[in-house]
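The structure appears below as structure tokens.
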Amino acid sequence: MSRLFFICYDKDMKFNYDWNLKDGYPAKGVKAHHHTVMSTFACGGGSSMGYKLAGYDVVAANDIDPQMARIYQENHHPKQFFLCPVKDLLERDDLPTVDVLDGSPPCSTFSLAGSREKAWGVEKKFREGQAKQELDKLFFDFLDVAEKMQPKVVIAENVEGIIRGKAVKYVNAIVARFKKMGYNIDIFLCDGTNMGLPQMRRRVFFVANRLGKHLKLSFNEPPITYGQIRRSSGTPLRTLPYTTTQINYWHETKPGCPMGVFLAGAKKLALDKVPFTVASSSMLYDALECRTVYKEELDDISSFPHDYNYLDASPNYVQGMSVPPVMMAQVAYEVYKQLLSDE
């Protein structure tokens, strides 16, 4: 059976968006139950941090990007890391036995802001150093790995666009594949603003299990506005002087709005609103000063730890390509409580 849920409300627990790696895992007040996880498409490890905050042990990870692999290993020190396309995992005989297989297959081909249908079936790579892949097939490569590993639970995160328009055919195929593999599947559209995340981030979570159970998700954390996390000083993300064009557009833009066609991806935050989604190519500007948000503010918006080491990558890129830790922690905690705690 499969079920699709669009509204997520009523939650009795909160994970803190303002934290440090040195604080340790799990989050305060959460029991370490040590169910094991392997994370694929791990990028900077946003989902891995979410699982660990929720009491899991993340024992292995996979990504295709050498830079992200270095950053992941620097911050997470996994027992195993597989630097390869996810489909290459099918040829390995050293994959761990885990309770949960996690993955966030690249989602640009399903994004409502992207080219969508025109990109389906086209080989593509995000940047140099990566092999070419047909991005709309990666979810099914991930399912092949799930079938090989047979975890108790499979969790996959994707953009809202995967359940919209013609992309629904992919969802139907995914559901059919899970059923064929013997998994119950529930699909949730979750909103970060209800999950203790200071960010307008709507994401779809596929949660499948072969324990004969179904999951219910409900979140009702109060919205966290930019005014609540704004700082009077911090570490600038931008060190070069602001151009006249940037300054003019900042002054002309109302808080809570995009900053014009000449500043693609730039948005001006509003003190009384939840911050915009952090994307790898976007840039968020302060509401009161002509500046980008401070690194510490951006960390809060994405619930990344302040002592996370980004090495040679920009915080904006790593966070934009990762699942926000608090968002993943909320889902992972419910998976433990409802599916795994009395298995």
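The values are calculated or read from the model by the stated rules, or taken from the named source; none is laboratory data. Small disclaimer: the values here were computed from a predicted structure and weren't measured. Here the Cβ positions follow ideal geometry from the backbone for every residue, glycine too, while neighbour counts run over all protein chains shown. Side chains included, ligands, DNA and RNA excluded: accessible areas come from the protein's heavy atoms. Shrake-Rupley method; radii C 1.70, N 1.55, O 1.52, S 1.80 Å.
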Using only Cα atoms and rounding to the nearest 10 degrees, what angle (0 to 90) does helix 168-180 make with the longest principal axis of the chain?
30 degrees
Percent of alpha-carbon pairs separated by more than 22 Å within the range 217-322:
29 percent
Determine the relative contact order of the range 148-266: mean sequence separation of Cα pairs under 8 Å and six or more apart, normalised by residue count, in whole percent.
22 percent
Counting only residues 5 or more places away or on other chains, whose amide H sits under 5 Å from the amide H of A266 once H atoms are built in the peptide plane?
M259, M283
With every protein chain present, what is the per residue accessible area of the chain (1.4 Å probe, Å²)?
42 Å²
Could you work out the local net charge near V59, counting Lys and Arg as +1, Asp and Glu as -1, over the other residues with Cβ closer than 13 Å to its Cβ?
-2
Most packed first (mean Cβ within 10 Å per residue), the peptides 147-157, 71-81 order as 147-157, 71-81
Where the Cα atoms of the chain are projected onto their three principal axes, how long is each span, largest first, in whole Å?
58, 46, 36
Taking 1 over the mean of 1/r across every pair of different Cα atoms in the range 36-77, what Kirkwood radius in Å do you get?
10.0 Å
Can you give the charge dipole size of the range 256-311 about its Cα centre, rounded to the nearest 20 debye, using +1 on the beta carbon of Lys and Arg and -1 on the beta carbon of Asp and Glu?
300 debye
Surface/4 of the Cα convex hull for the range 19-94, nm²:
5.1 nm²
Over 28 Å between Cα atoms: which of K169/K337; K180/K216; K254/K295; K14/K166; K52/K268 fall into that group?
K169/K337; K14/K166; K52/K268
Using θ = phi - 60° and the Karplus relation 6.51 cos²θ - 1.76 cosθ + 1.60, list the HN-Hα couplings for the range 38-54 in order, rounded to whole Hz, with x at every Gly or Pro.
10, 10, 9, 6, 6, 6, x, x, x, 5, 4, 5, x, 4, 5, 4, 8
Fraction of beta bridges assigned by DSSP in the chain that are antiparallel (%, nearest 5)
45 percent
How tilted is helix 138-149 with respect to the longest principal axis of the chain? Cα atoms for both, answer in degrees (0 to 90, nearest 10).
40 degrees
Placed amide H near L211: partners under 5 Å, 5+ positions off or other chain:
N184
Expressed as an acute angle from 0 to 90° and rounded to the nearest 10, what is the orientation of the C-alpha long axis of helix 325-335 relative to the principal long axis of the chain?
30 degrees
For the range 295-310, Karplus-derived ³J(HN,Hα) couplings (6.51, -1.76, 1.60; θ = phi - 60°; whole Hz; x for glycine and proline) come out as 4, 4, 5, 5, 4, 4, 4, 9, 6, 7, x, 5, 9, 5, 9, 7
Could you let me know the centre-to-centre spacing of the range 136-163 and the range 170-224, using Cα atoms, in angstrom?
12 Å
Of G320, G44, G192, the most mobile residue in a GNM of the chain (C-alpha springs, cutoff 10 Å) is G320
Out of every Cα-Cα pair in the range 142-290, what percent are more than 18 Å apart?
67 percent
Which ³J(HN,Hα) values, rounded to whole Hz and listed in residue order, are derived for the range 77-89 from phi using the Karplus coefficients 6.51, -1.76 and 1.60 in 6.51 cos²θ - 1.76 cosθ + 1.60 with θ = phi - 60°, glycine and proline given as x?
6, x, 5, 9, 9, 10, 8, 5, x, 4, 5, 5, 5
